[in-house]
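A.B. asks: Let me begin by handing over the structure; questions about it come next.
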Amino acid sequence: MTATELPAPSPVVSPAPDRERWLAIGFAGPATLVLVVLFALPLALLFTASVAGPAGLTLSEYEKLATPHYLGVIWNSLRLALLTTGIAFLIGYPASFALARARGVLRSVMLAALFLPLAASVIVKAFAWTILLRSDGLVNTVLIALGIVDEPIRMIFTETALIVGAVNIFLPFMILPIYAVVAQLDHRLVEAAATLGASPVVAFVRVVMPLTLPGIIAGVALVFSLSVSAYVVPTLLIGERYPTLSTTIAKAFLLARQPGFGAAAGVVLLAITLTAVALSARLGRSGGSR
Amino acid sequence: MTAPDAPPHVAVRRVSKRYGPLTVLDRVDLTVDRGELVTLLGPSGCGKTTLLRLVAGLATPEEGTIAIAGRDVTRVPPHRRNVGVVFQSYALFPHLTVAGNVAFGLSVRGRRRDEIDRAVARTLSLVRLEHLGARRVSALSGGQQQRVALARALAVEPEVLLFDEALSALDRNLREEMQVELRRLLREIGATAIFVTHDQDEALTMSDRIAVMNGGRIEQLADPKTLYERPATLFTLGFVGQSTRLRGTVAAAGDGMVAVDTPVGRVAAMGQFLAGSSVVVATRPEHLRVVADTVGHEGSDRARNSVDGRIRAVIFQGSRSRIEVAAGDQVLLAEAPGRIASALNPGDAARLVWPVAETFAYPDPEARA
Amino acid sequence: MTARLAIGFAWLAALAAVLFLAVPLLTVVAASVSPTPVFDLPLEGASLRWYARIGRLDGFWPALSLSLQIALLSTAIALVIGTLAAIAIVRGRLPGAETLATALVSPLMMPGLVLGIALLQYFRAVGFTATWSALLLAHLVVTLPYVARTMIAGLALFDFTLVEAARTLGCTYAGAILRVMVPALAPSFLTAGLFSFLASFDNYPVSIFLTDVRTKTLPIKMLQYIEEAPDPTLAALSTLILAATVILLVASDRLIGLHRMAGTSE
Ligand SMILES: Nc1ncnc2c1ncn2[C@@H]1O[C@H](COP(=O)(O)OP(=O)(O)OP(=O)(O)O)[C@@H](O)[C@H]1O
Ligand SMILES: [Mg+2]
């Protein structure tokens, strides 16, 4: 009797792992098919169309985009996204902390106030802002009643209207990811920092900020990529005066019948969002590893 | 074994299980009689859970057969084996109430509503949870969840109950309470059970027989007393209880006894070896008597071993104390009741005396390698 | 002191955010009962006549019906194939599981407009002209990522021992999935279904490229109404859509709790 005796090698091979693998492939099959046939292939075709000229490959559509007018259009999109993201962050970051501290009914109310607009149709909300910001709209009525202005100020179809609407529509996308992180924050860490001699400000900057960074990055990336490609908001709140990449793409396909140009603009828009996503993924990773 | 003529209720015959190149169970034999509780005891990764899963039908062996109540179930899927499993995590269905969990197996079997209700009430009162039937399982304490898991397994009146570390998630006091209660309950209903644990005290408390497992094999299958007093292998000796060991060479042999030359002198032990074999002699610490007086006439004879040394440490452990005695370059472990130990001081000369009948010789695994 | 100031500031920001988010929704509701056609506040006397006019909006019923069909069907299909894929990713010995998981949620990162024009050109190139089917397929791409994301997260937390427990209690493998895994994952299914339904029902940027003159989804019709003749009828319609959304949300909250959705949604 010995404690260790080498097991005899076995001639029998188990069939189970192989069957499980085939089952898994079968389960993943339909979704993968959808992804390839309805997502990857169309995107590949879009890219091809953007560089296909009458005689082979051409970059002429992209050259059109490099003209001052369309560079301005691209800048319009970026500007809209940057302003929206910045303002949404300034409101959303502190608000997330209050939301995380809220309990009971208050928390339910606040979550509902976030979820309802998130679930509400973008068109409905944009429409509401057109009503609010008209020259005879509620905002002007209030401003005049309070004596702040004498006569109605023009708001609809201005950049202000555009940014107000965009922030309003995308704000929940900033708050939710940050809230998810803040709610998990271990408050003992702040206390630990305080016992180590950190003032509240230092504790915030050195402990809380880095810990909430993943949420910040996620929220910023989400709001940026949503607002840079927003279509309904600029269409309803500012219109022709402020052409963006999105409205340009739509026009190229729906009115001007310039699919090649539209495809090129689409590729540029895609590149901008993918850059934002990739950048945030990379930042998120380096932030997490510290 | 208990009843030699009755066929075993669960019979595992030469079962092997492999995961890829890894042999997790190697030609294991195990039988459990009707109404018996057998524990699988062994270190982490030795294959206890795997063996249990094979009996439950959640995995199939590459070799060997498994029979429950005389029926070969080796290839029978779990839902047709009629086993009851209590999982370590309890695996209670979160979307069902306590009663819903207990009723599950019966309702899957298509029993009538009133029959199910009666069975649920009966089983819940068996585990003393009759008042909690309508509770959500997430609103239960750990001990209560454990009882629900047990009731759920019992409700289907399974041929055999399987427990995988079922008590290990409970805190110590509750665990000891449940050990006693579970033992009583299983006896009462005459359940056949296989119980996996890596806690030797739990195994000793609960089992009719214990299978000590190591590296995918069963080292010894015996009742707790035999296992403790007559460990068949050095592994069993080391895994169940404390031991004091000495390495040596057999000088003389005969009559099922050997005389072994060890670094602390000649020691007699039970065992059959050829002269010249390398062996480990071992005994339980409680058999070692510490005698403060080393000049007296109590020396080794045919019935007793005796070694002189010096006390190195006395470690208070409540009702008993552990005494470490240095003899040559060896340290021997003894145990004594508190009042004897209090008279002993580190540095004192001491003599250890213990019966030859409680001393066993095992082949030395290191000498062979 | 600093800490108190900061907390006060946080509450202020939260209050502002909540009010700011509520303003357009309240506006729409108020405007829907406007006594005059120019969105007057219903200070003196409310009117419900705009609600009666919704049904008479040109092309409203076919658009509503189309949107509901597409949203329900695409959500149902996405739930099935997305859940199967999530099981394979979380559980199975699937080669490249990580990559597939990333790929499945990647359309979320994609501007809807770009997906729309890509599908438009693709369907044209392969000669696929059935508008209704094209919309359904496109919306499948819109809804699948929501399902995949929620179900992967939900399944990662699911204890598969439950399935084994059910099998030892007498369930077949398929029976165990249906009787235990599906109900235990009900909150995930509900969240996934809700998000993907809303994403499809409200989708504009993908649909706009795939509809034709006679086949238009509700959001497209609504934008058209707003651009052509904005009057309180649209506010009434918006209010009804809002009310339906509220009912959906309240029902889900009853069933699973909003804070759980907040946890799984991002
Ligand atoms: N599905 C599996 N695939 C591959 N290897 C496995 C699988 N299940 C178990 N093993 C391996 O089989 C060996 C025995 O596992 P088992 O779970 O039976 O151990 P155990 O005795 O129950 O241990 P513990 O006390 O830690 O629960 C381990 O080395 C384990 O890694
Ligand atoms: Mg185990």
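The values are calculated or read from the model by the stated rules, or taken from the named source; none is laboratory data. Since the model is a prediction, treat every value here as computed from it, not as a measurement. For neighbour counting, all protein chains shown are included, and Cβ atoms are generated from backbone atoms with ideal geometry for every residue, glycine included.
A.B. asks: Look at the range B:86-121 and say how many of its residues are touching a helix residue (DSSP H, G or I) at 6+ places or on another chain (Cβ under 8 Å) and within 16 Å of ligand 2 (Cβ to nearest atom).
C.D. replies: 5
A.B. asks: Something else now. Being surrounded by 21 or more Cβ atoms within 10 Å (Cβ to Cβ) and either away from ligand 1 (no atom under 11 Å from the Cβ) or in a helix (DSSP H, G or I) (or both) is the filter here; which residues of the range B:17-27 pass it?
C.D. replies: Residue satisfying the conditions is B:ASP26 alone.
A.B. asks: Tally the residues that are within 16 Å of ligand 2 (Cβ to nearest atom), of a type in the set (A, V, I, L, M, F, W, C) and within 14 Å of chain A (Cβ to nearest Cβ), restricting the search to the range B:174-232.
C.D. replies: Number of matching residues: 3.
A.B. asks: Could I ask something else about it? What about B:GLY248, is it more than 16 Å from ligand 2 (Cβ to nearest atom), away from every other protein chain (no Cβ under 14 Å) and buried (at least 17 other Cβ atoms within 10 Å of the Cβ)?
C.D. replies: Criteria met by B:GLY248.
A.B. asks: While we're on this one: Among the candidates A:LEU90, A:LEU38, single out the residue that is under 30 Å from A:ALA161 (Cβ atoms) and within 11 Å of chain C (Cβ to nearest Cβ).
C.D. replies: Testing whether each residue is under 30 Å from A:ALA161 (Cβ atoms) and within 11 Å of chain C (Cβ to nearest Cβ) leaves just A:LEU90.
A.B. asks: Pairs, please: C-beta under 8 Å, at least 6 apart or cross-chain, first residue under 16 Å from B:HIS9 (Cα atoms) and within 8 Å of chain C (Cβ to nearest Cβ) and in the range B:73-88, second within 16 Å of ligand 1 (Cβ to nearest atom) and at pLDDT 90 or above?
C.D. replies: B:ARG81/B:ALA56; B:ARG81/B:GLY57; B:VAL83/B:VAL55; B:VAL83/B:ALA56; B:VAL83/B:GLY57; B:VAL83/B:LEU162; B:GLY84/B:LEU162
A.B. asks: Need the failing condition index for B:PRO7 against (1) more than 14 Å from ligand 1 (Cβ to nearest atom); (2) surrounded by 17 or more Cβ atoms within 10 Å (Cβ to Cβ), just the number.
C.D. replies: That leaves (2) as the condition not met.
A.B. asks: Given the conditions (1) closer than 29 Å to B:SER138 by Cα; (2) over 23 Å from the mean Cα position of the chain (by Cα); (3) facing another protein chain (nearest Cβ under 8 Å); (4) not polar (S, T, N, Q), which single one is not true for B:GLU62?
C.D. replies: (1) is the only condition that B:GLU62 fails.
A.B. asks: Tell me whether the range C:121-136 contains one or more residues that are without any contact (Cβ under 8 Å) to a residue 12 or more places away in the chain, crowded, with 20+ Cβ neighbours inside 10 Å and part of a helix (DSSP H, G or I).
C.D. replies: yes
A.B. asks: Can B:GLY70 be described as within 11 Å of ligand 2 (Cβ to nearest atom) and surrounded by fewer than 23 Cβ atoms within 10 Å (Cβ to Cβ)?
C.D. replies: Considered against the rule, which asks whether it is within 11 Å of ligand 2 (Cβ to nearest atom) and surrounded by fewer than 23 Cβ atoms within 10 Å (Cβ to Cβ), B:GLY70 comes out as no.
A.B. asks: Can you tell which of A:GLY56, A:GLY72 is within 28 Å of the chain's Cα centre (by Cα), more than 30 Å from C:PRO145 (Cα to Cα) and more than 9 Å from chain C (Cβ to nearest Cβ)?
C.D. replies: Only one candidate qualifies: A:GLY72.
A.B. asks: Let me ask you something else. Scanning the range B:23-59 for residues that are away from chain A (no Cβ under 14 Å) and hydroxyl-bearing (Ser, Thr, Tyr), which turns out nearest to ligand 2 (Cβ to nearest atom)?
C.D. replies: B:THR49
A.B. asks: List pairs: first residue in the range C:1-14 and facing chain A (nearest Cβ under 7 Å), second residue among the charged types (D, E, K, R) and surrounded by 12 or more Cβ atoms within 10 Å (Cβ to Cβ) anywhere in the structure, Cβ distance under 8 angstrom, at least six positions apart or on different chains.
C.D. replies: Hits for this filter: C:ALA10/A:ARG101.
A.B. asks: A further question on this structure: Of all residues in the range A:73-117, how many are assigned to a helix (DSSP H, G or I), of a type in the set (Gly, Ala, Ser) and without any contact (Cβ under 8 Å) to a residue 24 or more places away in the chain?
C.D. replies: Selection size over the range A:73-117: 6.
A.B. asks: Further question: For the range C:148-160, does any single residue satisfy the condition of being among the basic types (Lys, Arg), without any contact (Cβ under 8 Å) to a residue 60 or more places away in the chain and under 21 Å from A:PHE173 (Cα atoms)?
C.D. replies: For the range C:148-160, residues among the basic types (Lys, Arg), without any contact (Cβ under 8 Å) to a residue 60 or more places away in the chain and under 21 Å from A:PHE173 (Cα atoms): present.
A.B. asks: For the range B:180-190, does any single residue satisfy the condition of being within 16 Å of ligand 1 (Cβ to nearest atom) and either crowded, with 19+ Cβ neighbours inside 10 Å or part of a loop (DSSP other than H, G, I, E, B) (or both)?
C.D. replies: Taking every residue of the range B:180-190 in turn, none turns out to be within 16 Å of ligand 1 (Cβ to nearest atom) and either crowded, with 19+ Cβ neighbours inside 10 Å or part of a loop (DSSP other than H, G, I, E, B) (or both).
A.B. asks: Looking at the range B:89-99, can you tell me whether even one residue there is within 22 Å of the chain's Cα centre (by Cα) and either outside any helix (DSSP H, G or I) or farther than 23 Å from B:VAL55 by Cβ (or both)?
C.D. replies: Yes, that holds for at least one residue.
A.B. asks: Looking for something in a helix (DSSP H, G or I) and more than 16 Å from ligand 1 (Cβ to nearest atom) - is there at least one such residue anywhere in the range B:195-202?
C.D. replies: No, because not a single residue in the range B:195-202 is in a helix (DSSP H, G or I) and more than 16 Å from ligand 1 (Cβ to nearest atom).
This table checks each residue for (1) within 16 Å of ligand 1 (Cβ to nearest atom); (2) surrounded by fewer than 23 Cβ atoms within 10 Å (Cβ to Cβ).
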{"site": "B:ARG34", "(1), (2)": "no, yes"}
{"site": "B:SER44", "(1), (2)": "yes, yes"}
{"site": "B:ARG53", "(1), (2)": "yes, yes"}
{"site": "B:LEU58", "(1), (2)": "yes, yes"}
{"site": "B:VAL76", "(1), (2)": "no, yes"}
{"site": "B:VAL120", "(1), (2)": "no, no"}
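A.B. asks: Checking A:ALA194 against (1) in contact with a Pro (Cβ under 8 Å, 6 or more places away or on another chain); (2) surrounded by fewer than 18 Cβ atoms within 10 Å (Cβ to Cβ); (3) facing chain C (nearest Cβ under 8 Å), which test does it fail?
C.D. replies: (3)
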